[in-house]
Amino acid sequence: MGTVIKASSICANGTHSAIELTVIAAEQCIEKAGVERTDVDLLIYAGVYRDHNIAEPAIAPLIQKKLGLNNDPLINGEFGKMTFSFDITNGECGFLSAVTVAEAALKSGSSRYALIVSGDAHPSKKKQPDFPYSNIGSAVLLAYTEEKEKGFTNFMFKTANGDNPGLKSYLEFDKIGTRGREMALIYMDNDYHSKLHSFAVESIREYIGAHMVDPLNVRYLVTSQQYKGFGSKITHAIGLNGTPKVIDLHDEYGDSHTSSLPLSFHHIFNNGELKENDRILFVSAGSGLTSACAMYVV
């Protein structure tokens, strides 16, 4: 019994709006799943970089409105179906954080379907050559199944000790003023990638030991995509050489940031590579330093 992915979709069509990218991906995802929009009870947005650096309201309700997910629950004077929408901000680990929240709602029966969406684009909504993340929107529709050993299992989140996050993004409004709505200041330590690799390796080793994972049973390794070869480098470091197939889409998409895990899953699902009972190990790591791991059984 667990939370399963009913459908997924991505949008990388060149638009420079995080909201537009996400809405397009979500519309395609719902259509692929063949469910009614009124049955989507939960919407979680896991992106970080927002159009015009919107702080309030949350991005999820703006996406909900564009998608038409139970925007007016009061019909003919009586309450009908409602969709609860909100944001979760946890960088590259945001997708798995959102899955854990959605799973609680699905398992309790308060939600039938949960839609997790994400998108990152420069706040100016214009092409910025020095912006390190790709303009990609993603959407994953989740449901709960009573089938044994299906879906997501064994989540683990880990944060490094210390006060050096490796990568920081913030705005100094006292210096920038109103121009801050069009800017994204990102500071990355020179050794960020090497520290991130070491932390991810440490996290996976801990995960494998804690949950007695047999690497021979893992068919795919899906990771964040900070640079080309990030996932392969991890597998070599922990001795999984050639055991799981590593999904590396950096050459095609660049650093897809908060959409990395949904993008990789969509890639192998869309290509018809997945078979029943295939095991996918999801691993993300980012600033903090923070990591998240979970197993998924098809």
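Each value in this text was obtained by applying a stated rule to the coordinates, not by laboratory testing. What you see is a predicted model; the values in this text were computed from it and never measured. Every residue, glycine as well, gets a Cβ built from its backbone with ideal geometry; the counts of neighbours run over all protein chains shown.
What's the ranking of 33-41, 254-262 by average number of surrounding C-beta atoms within 10 Å, highest first?
Descending packing order for the listed peptides: 254-262, 33-41.
Starting with the highest mean, order 276-289, 173-186, 47-60 by the number of other Cβ atoms within 10 Å, averaged over the residues of each peptide.
276-289, 47-60, 173-186
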Practice prompt. Provide Leu216, Leu67 in ascending order of the number of other Cβ atoms located within 10 Å of each residue's Cβ, fewest first.
Written response: Leu216, Leu67
Fill in: Spin-label model distance (nm) - Thr89 vs Ala237, 7 Å beyond Cα toward Cβ
2.8 nm
Worksheet entry | As computed over the chain, the Cα convex hull volume per residue (Å³) | 142 Å³
Worksheet item: More than 26 Å apart: what percent of Cα pairs in region 2-148 qualify?
Response: 23 percent
Response to the item:
Under the helix-only model (-39500 (n - 2.57) for each DSSP H run of 4 or more, divided by the residues of the chain), the mean residue ellipticity at 222 nm, to 500 deg cm²/dmol, is -8500 deg cm²/dmol
Item to complete: Label region 153-297 by shape, choosing from rounded, prolate and oblate, from the square roots a ≥ b ≥ c of the eigenvalues of the Cα gyration tensor; if a/c is under 1.5 it is rounded, and otherwise prolate applies when a/b is larger than b/c, oblate when it is not.
Response: prolate
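Based on DSSP H assignment, which helices of the chain show an axial Cα extent of at least 24 Å together with a mean Kyte-Doolittle hydropathy greater than or equal to -1.0?
192-210
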Worksheet item: Once Lys and Arg get +1 and Asp and Glu get -1 on their Cβ, which of Met295, Val201, Leu274 lies farthest toward the positive end of the dipole of the chain?
Response: Leu274
Worksheet item: Between Met82 and Asp191, what length in nm is gained on full extension when 0.36 nm per residue of separation is reduced by their alpha carbon distance?
Response: 34.6 nm
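Write down Rg/Rh for region 136-238, rounded to two decimals, with Rg from the C-alpha atoms and Rh from the Kirkwood relation over Cα pairs. Present the calculation step by step, with values, prior to reporting the outcome.
Working: Rg = 18.6 Å, Rh = 17.4 Å.
That ratio equals 1.07.
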Discussion item. Quick check on my link table: of Lys125/Lys195; Lys32/Lys66; Lys158/Lys275; Lys6/Lys107; Lys6/Lys150, which ones sit more than 24 Å apart, alpha carbon to alpha carbon?
Written reply: Lys125/Lys195; Lys158/Lys275
